[in-house]
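Some notes on the structure that comes next.
The values are calculated or read from the model by the stated rules, or taken from the named source; none is laboratory data. Everything numeric here is computed off the predicted structure, so don't read it as measured data. Reconstructed Cβ throughout: ideal geometry from the backbone, glycine too, with neighbour counts over all protein chains shown.
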Amino acid sequence: MDLLKKHYEKIILGVVLVGLAVAVGFLPFYVASNKQELEDKRNSLFFPKVKELTNLDLTISDAALKRVANPAMIDFSAPNRLFNPMPWQKTADDRLIPYDKVGPMAAGVTNLVPLYLRLTLDSVATSDSGPRYVVGVQREAATNPRERNKRQTYATLNTKNDHFVIIEVKGKPEDPDQLVLLLNDTDERVTISRDKPFERVDGWMADFRYEPERKTWNARRVGSSLAFAGEEYNIVAITRDEVVLSAKSNGKKWTIKTNPNSTL
């Protein structure tokens, strides 16, 4: 114990010196280890290990390309009119109607009726001068209403009247099977008999409706007038496919297609 008490400073100094010697001896290994660790980190940053790429999933991209190849057709005009707004018109009963649903193009033909030219062999009158044939003439399309009813006219062979001339009598003259007529207006050859009249469509009569004002007109012919949308229109022509209206104020004409479901 006395030895330790007398020399403890030397003992501690010795222990410290031994520790220092050990630390000095270990230092090269520690430096080498740190240097290697730093080198590994540098290599990992500059030369990283890249994983091999797998097959890419291009399903979404392919679907997008297909959509681009077939663009959607979007109509921003009618009936949405997102970029082309249109004015509206208020009717007398406070209803709102688009501007393109008023005027002549909003008028509709609800029914068409054909107007015929009919020729009938009604009877035969015999006399000393020869037979006279009573032929009924009905002109439903005549401008004069009095001429639309059936009227009988006496006709003889090769004698021209206001409507036709008989150019041939088939069968017995006093009791013919058929009469061959030549029409004055078209030079058309037609035949009539007691049981088979001649018919030809000479015009049309139409029923109209103007929905914005809820007006209707029935049995209108060429020359009749229609008043709607603050204007009066004359019916210039009526055919199976269309009706032509003319504005009285400026003479402008409008063509209206007839209803394909019209009753004829």
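The rows are residues; the columns are (1) at pLDDT 85 or above; (2) aromatic (Phe, Trp, Tyr); (3) surrounded by 10 or more Cβ atoms within 10 Å (Cβ to Cβ).
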residue: ASN55; (1), (2), (3): no, no, no
residue: ALA69; (1), (2), (3): no, no, no
residue: ASP100; (1), (2), (3): no, no, yes
residue: MET105; (1), (2), (3): no, no, yes
residue: ASN111; (1), (2), (3): yes, no, yes
residue: ARG118; (1), (2), (3): yes, no, yes
_Can you tell me how many residues within region 246-256 are assigned to a strand (DSSP E or B), without any contact (Cβ under 8 Å) to a residue 40 or more places away in the chain and more than 25 Å from ARG148 (Cβ to Cβ)?_
2
*Answer residue from region 179-221, given it is β-branched (Val, Ile, Thr) and free of Cβ contacts under 8 Å to residues at least 24 places away in the same chain and is farthest from VAL135 (Cα to Cα) among those*: THR186
*Report, by residue number, each residue of region 156-165 that is modelled with pLDDT under 95 and either surrounded by 16 or more Cβ atoms within 10 Å (Cβ to Cβ) or touching a strand residue (DSSP E or B) at 6+ places or on another chain (Cβ under 7 Å) (or both).*
THR156, LEU157, ASN158, THR159, ASN161, HIS163
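Looking only at residues that are among the charged types (D, E, K, R) and assigned to a strand (DSSP E or B) in region 203-245, which one is nearest to the chain's Cα centre (by Cα)? Before you say what the answer is, go through the steps one by one.
Keep residues of region 203-245 that are among the charged types (D, E, K, R), which gives 207, 209, 211, 213-215, 220-221, 231-232, 240-242.
Now restrict to residues that are assigned to a strand (DSSP E or B): 207, 209, 215, 220, 231-232, 242.
On the way: ASP207: 24, ARG209: 21, LYS215: 26, ARG220: 29, GLU231: 28, GLU232: 29, GLU242: 18 Å.
Selected residue: GLU242.
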_So for region 77-91 (the condition being within 28 Å of TRP217 (Cα to Cα), at pLDDT below 80 and charged (D, E, K, R)), does at least one residue qualify?_
yes
